[in-house]
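Since the structure comes first, as structure tokens, the remarks are kept for the end.
The values are calculated or read from the model by the stated rules, or taken from the named source; none is laboratory data. Fair warning: this is a prediction, and the values are worked out from it, not measured in the lab. Ideal geometry is used to build each Cβ from the backbone, glycine not excepted, and the neighbour counts take in all protein chains shown. Please note that ligands, DNA and RNA were not included when accessible areas were found on the heavy atoms of the full protein model with its side chains. Shrake-Rupley method; radii C 1.70, N 1.55, O 1.52, S 1.80 Å.
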Amino acid sequence: MSGFAIELNGDAAACVVAVSGDIDIEHADDLAAVGRLAMESLDNGRRLVIDLTDVQFMDSTGLGALIEIRNAAARQGQRVELRAVHPRVRKVIAITGLLGEFDITPSDNERIA
């Protein structure tokens, strides 16, 4: 995977943070910052979705960023949805016992199949 990028998109139902590249010590703070910004935009029942379709690696700092976003959501009485989690990334989340802290959903393509 080349390069790290974050896109912030949304509609009436959700604010979507689409991440591509590795979520590691170099980029975890960027994800946390965008996640906090996204949390500020939630209102009227909109949910926060972090789309990990293009993420194949995440280290403990990346997990820390997700936890920071999850904690901000919990303070607002909301949950965070992780979409299209790669098996390696899912394993990192599972090993730490945090799978239940997120709503994990398949990608749009996986839903259609």
Legend entry - the chain - percent relative contact order, Cα under 8 Å, separation 6 or more: 24
Inset, instruction - Roll a 1.4 angstrom probe over the protein heavy atoms and tell me the percent of accessible area of the chain that is carbon or sulfur. - result: 50
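Using a 1.4 angstrom probe, figure out how much accessible area the chain has per residue, in square angstrom, rounded to the nearest whole. All intermediate terms of the calculation are to be shown ahead of the outcome.
Details: 6110 Å² over 113 residues.
In whole numbers, the chain has 54 Å² accessible per residue.
Please label the shape of the chain as rounded, prolate or oblate, based on the square roots a ≥ b ≥ c of the eigenvalues of the alpha-carbon gyration tensor (a/c under 1.5 means rounded; beyond that, a/b larger than b/c means prolate, else oblate). Provide the component values of the computation, followed by the final result.
On the way: a/c = 1.32, a/b = 1.20, b/c = 1.10.
Verdict is rounded for the chain.
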Inset, instruction - Tell me the GluC sites (Glu not before Pro) within segment 14-90 that lie in a loop according to DSSP and have at most 10 other beta-carbon atoms within 10 Å. - result: none
Legend entry - Residue with peak Gaussian network fluctuation, the chain [Cα springs, cutoff 10 Å], from I95, I69, I23: I95
Legend entry - Label-to-label distance, nm, for residues given as D11 and L98 (7 Å Cα→Cβ offset): 2.9
